[in-house]
Amino acid sequence: MSVNDPIGDMLTRIRNAQERGKSKVSSPASRLRERVLEVLQNEGFIRGFTTTQQDGGKAELEIELKYFDGAPVIKEIHRVSKPGRRVYASVDTLPTIYNGLGISILSTPKGVMSDADARAQNVGGEVLCTVF
């Protein structure tokens with residue numbers, strides 16, 4: 001099946017799996033998805049992820065979700081920049097999520113990073129999603 005928005009598809013899979021209380025969820029692999037998952041792991045929103053090979057040579061990402069006292073660590077996860085409407089932010093206009101409790105994930109010329117890292121490196125870019 002063809003997916004127009006692979007990042008949005010992965011975020012929806014994570015959201016749906018957490019609603020059902022699943023410990024793991026799988027998603028087709030790509031480098032951009034891996035970079036987004038690395039940021040989520042570094043910020044403590046997921047336990048981790050692994051890349052596995054499926055039948056036919058297709059790679060899949062196995063994402064381990066994180067819970068605290070039975071509740072998902074990710075309370076909200078939203079796609080900001082979509083294929084039909086790209087959203088860019090300079091370093092001065094980077095959004096703060098819940099007064100710094102959440103993060104924005106950006107695609108910058110220096111790679112995919114959180115909003116705090118983008119401010120530290122003084123770069124802006126495309127706002128992929130927000131997580132709280």
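The values are calculated or read from the model by the stated rules, or taken from the named source; none is laboratory data. If you're wondering where the values come from, they're calculated on a predicted model, not measured in any experiment. No Cβ is skipped: glycine too gets one built from the backbone with ideal geometry, and neighbour counts run over all protein chains shown. The area values use the complete protein model at the heavy-atom level, side chains included, leaving out ligands, DNA and RNA. Shrake-Rupley method; radii C 1.70, N 1.55, O 1.52, S 1.80 Å.
For this structure, a couple of remarks:
- Flag if Ala89 is within 15 Å of Leu40 (Cβ to Cβ) and of a type in the set (Gly, Ala, Ser): no
- If you go through region 68-91 and pick out every residue that is outside any loop (DSSP other than H, G, I, E, B), in contact (Cβ under 8 Å) with a residue 12 or more places away in the chain and over 13 Å from the mean Cα position of the chain (by Cα), you end up with 5.
- Scanning region 8-22 finds no residues that are in contact with a Pro (Cβ under 9 Å, 6 or more places away or on another chain), modelled with pLDDT under 95 and more than 16 Å from Glu60 (Cα to Cα).
- The residue that is surrounded by the fewest Cβ atoms within 10 Å (Cβ to Cβ), among those in region 92-132 that are touching an Asp or Glu at 6+ places or on another chain (Cβ under 8 Å), β-branched (Val, Ile, Thr) and assigned to a loop (DSSP other than H, G, I, E, B), is Thr96.
- Test set (1) among the acidic types (Asp, Glu); (2) open to solvent by less than 70 Å² (accessible area, probe 1.4 Å); (3) not in a helix (DSSP H, G or I) - Glu34 fails condition number: (3)
- Tally of residues being in contact with a Gly (Cβ under 8 Å, 6 or more places away or on another chain) and within 18 Å of Ser81 (Cβ to Cβ) across region 14-41: 1
- Subset of region 44-67 (residues that are outside any strand (DSSP E or B), open to solvent by 80 Å² or more (accessible area, probe 1.4 Å) and closer than 21 Å to Lys22 by Cα): Gln54
- Condition check for Ser30: of a type in the set (Ser, Thr, Tyr), in contact (Cβ under 8 Å) with a residue 24 or more places away in the chain and closer than 21 Å to Gly111 by Cβ: yes
- Answer residue from region 78-91, given it is under 14 Å from Ile7 (Cβ atoms) and among the β-branched types (Val, Ile, Thr) and is surrounded by the fewest Cβ atoms within 10 Å (Cβ to Cβ) among those: Val87
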